[in-house]
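The values are calculated or read from the model by the stated rules, or taken from the named source; none is laboratory data. Worth saying up front: this structure is predicted, and the values here are computed from it rather than measured. A quick note on method: Cβ atoms are made from the backbone with ideal geometry, for glycine too, and the neighbour counts reach across all protein chains shown.
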Amino acid sequence: MAPRVAMRSYPSSEACVSVSAVPVASPTGRDRVTHLRLLRAGAPAHAEVWLIEYAGQLAVLKSYAHGGWLFRTVAGAHLVRREAAAYRRLEGVAGVPRLLGCIGGEALVVEHIDGRNCLAGDTHQLGADFFAALNEILRASRARGVLHGDVKRNVLCAGDGRPWLVDFGASFVIGRWLSPLRPLILRVAAVYDQRAVAKLKRQVAPHLLTADEGRLLDARLPFEQLVKGGERLLRWGTQWIKRRESRRSTADV
């Protein structure tokens, strides 16, 4: 049986969400998870994200356990495996949080980074060195065969001013079966990463945008229509799951 977990208070300017403690067994069966603050509420096709205490340290829990059976056991389990695989590939890459464990196939735990999202609040710290470091994180990730897929919304600025790339839920890991195409994929991915950084820079530090980056923002990239088609398919699948979960919830009432 999983150990009982008691709620603890966590000092923050944000109000803590009051919920019942949820006992969760860790991968080893010995460590405990203590839910501290809800960071993002779950939705029928989206993960629930918590700030937690895990094995004696602050961490982030990303869980799909709140969803219905279909979403939890099929989509959620797949997303956990995919994101965990990306973190394992990137172990040791500076600027990427460490994977601390997976729980029950429905959740994963990653290192907590004390920082703020670059799209929120004051951006005066975001200078040329910050974006150079972000480009280096993306280069190192590509070298490990991991493509992030959603850079703009998932860059944190830590207290020391360094960038961190978080949330690899939309990532793609180049498997062995794609080895013959790996050079081509990485060349194309490098251009997409450059444009993702340019999009972020345009929003939070437009004075740093170079002429080449401006042209890149207006350019049509290789396989762009294919990428957009994949995004539309993903949105369709997400909406389908939402409708199914909504009908299930209504039926339960």
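Checked against (1) over 28 Å from ALA140 (Cβ atoms); (2) of a type in the set (Gly, Ala, Ser); (3) in contact with a Ser or Thr (Cβ under 8 Å, 6 or more places away or on another chain), ALA86 passes all but condition (1). Looking across the stretch 125-175, the residues that are out of contact with any helix residue (DSSP H, G or I) (no Cβ under 6 Å at 6 or more places or on another chain), under 17 Å from ARG88 (Cβ atoms) and either part of a helix (DSSP H, G or I) or among the polar types (S, T, N, Q) (or both) come down to ILE137, ALA140, SER141, ALA143. Only one of the numbered conditions (1) in contact (Cβ under 8 Å) with a residue 60 or more places away in the chain; (2) more than 23 Å from ALA65 (Cα to Cα) is not met by GLY161, and that is (1). Under 23 Å from ASN117 (Cα atoms), basic (Lys, Arg) and surrounded by fewer than 20 Cβ atoms within 10 Å (Cβ to Cβ) - does that describe any residue in the stretch 176-190? Checked the stretch 176-190: no residue is under 23 Å from ASN117 (Cα atoms), basic (Lys, Arg) and surrounded by fewer than 20 Cβ atoms within 10 Å (Cβ to Cβ).
Table: residues versus (1) surrounded by 18 or more Cβ atoms within 10 Å (Cβ to Cβ); (2) at pLDDT 95 or above.
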{"residue": "ALA133", "(1), (2)": "no, yes"}
{"residue": "ALA140", "(1), (2)": "no, yes"}
{"residue": "GLY169", "(1), (2)": "yes, no"}
{"residue": "LYS199", "(1), (2)": "no, yes"}
{"residue": "GLN203", "(1), (2)": "no, no"}
{"residue": "ALA211", "(1), (2)": "no, yes"}
